[in-house]
1. Please verify whether residue 215 is under 19 Å from residue 51 (Cβ atoms), of a type outside the set (Asp, Glu), touching a His at 6+ places or on another chain (Cβ under 8 Å) and crowded, with 16+ Cβ neighbours inside 10 Å, treating the condition exactly as stated.
2. Can you tell me which residue is surrounded by the fewest Cβ atoms within 10 Å (Cβ to Cβ) among those in region 167-201 that are in contact with a Lys or Arg (Cβ under 6 Å, 6 or more places away or on another chain) and closer than 26 Å to residue 136 by Cβ?
3. Name the pairs: first residue in region 113-124 and under 19 Å from residue 65 (Cα atoms), second residue of a type in the set (Gly, Ala, Ser) and assigned to a strand (DSSP E or B), Cβ to Cβ under 8 Å, at least 6 apart or on different chains?
4. Which of the residues that make up region 186-218 are within 22 Å of residue 148 (Cβ to Cβ), part of a strand (DSSP E or B) and out of contact with any Ser or Thr (no Cβ under 6 Å at 6 or more places or on another chain)?
5. Which residue, of 112, 97, is surrounded by 15 or more Cβ atoms within 10 Å (Cβ to Cβ), within 25 Å of residue 171 (Cβ to Cβ) and within 18 Å of the chain's Cα centre (by Cα)?
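Read the figures in this text as sums done on the coordinates, not as results from a lab. All figures in this text were calculated on a predicted structure; none of them were measured in a lab. Because the Cβ atoms are built from the backbone with ideal geometry, glycine has one as well, and the counts that use them run over all protein chains shown.
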Amino acid sequence: MARLILILICLSGMAHAGPWPRPPGTGHLSFSTTYFDAKTYADPLSFNTLYLDYGLTERITLGLDLGQNDLGEYKAIAFAKTPLMAGLLGDRLRISAELGAGMVINREALRAGLHLGRGGRVWREKTGWIAWENRAIFTTGHRPRITSDLTLGLTASPRTKLIVQLQSGVTPGEPAYARLAPSLIWQRKPGHHLEFGVGAGLHDAERYNIKLGIWRDF
């Protein structure tokens, strides 16, 4: 695994989500349901998310992030994402900034993000990527909640992708959490993908979870 990470960091190319802008006139829609072993009876047993992004121009990607977060809180965030230092870093490293606004539960919210990524050929014809996504969510009358996700991806075959994600974050007044979440992405037909994932809590998180998702590119 350490060798794979080092290879990915040294490569360039395209990857899924993260800091890579959506090409103008194209979009991505995903819906997922995650079932998990709740830590207490008060915690939700599942949550749903709907994610949409669309390439408005070469430098602006617009999106919507709807549903629930991993705390079971309802959210509706509209955001815009743009690359930083485009052309100065070449194709080896991509950096983008995100700014969004909306609601979390019944509170007004602002979300700011900084994303870094790198990808390219790993071995023979197989490609992979690494992405690091960081976000701060500000809600009225509360200190910001910070999330940080590190994703490693590998295109195992023309129709199959493997993803391993380290999810972490901290909510004011609560311990930081961390979980490991691998997923298999299978292309049912061009532009249509199915996702199956499992996860395990590493620190102050549920013991396990199961994720089912649908991806649609247009």
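1. Numbers: under 19 Å from residue 51 (Cβ atoms): yes; of a type outside the set (Asp, Glu): yes; touching a His at 6+ places or on another chain (Cβ under 8 Å): yes; crowded, with 16+ Cβ neighbours inside 10 Å: yes.
So residue 215 passes the test.
2. Among those that are in contact with a Lys or Arg (Cβ under 6 Å, 6 or more places away or on another chain) and closer than 26 Å to residue 136 by Cβ, it is 172.
3. Pairs found: 113/97; 113/100; 113/136; 114/96; 114/97; 115/96; 115/97; 115/131.
4. Step one: filter region 186-218 for residues within 22 Å of residue 148 (Cβ to Cβ), giving 195, 197-209, 211, 213.
Then drop every residue that is not part of a strand (DSSP E or B), which leaves 195, 197-203, 208-209, 211, 213.
Correct list: 198, 199, 200, 201, 202, 203, 208.
5. Details: 97 fails: surrounded by 15 or more Cβ atoms within 10 Å (Cβ to Cβ).
Sole residue among the options that is surrounded by 15 or more Cβ atoms within 10 Å (Cβ to Cβ), within 25 Å of residue 171 (Cβ to Cβ) and within 18 Å of the chain's Cα centre (by Cα): 112.
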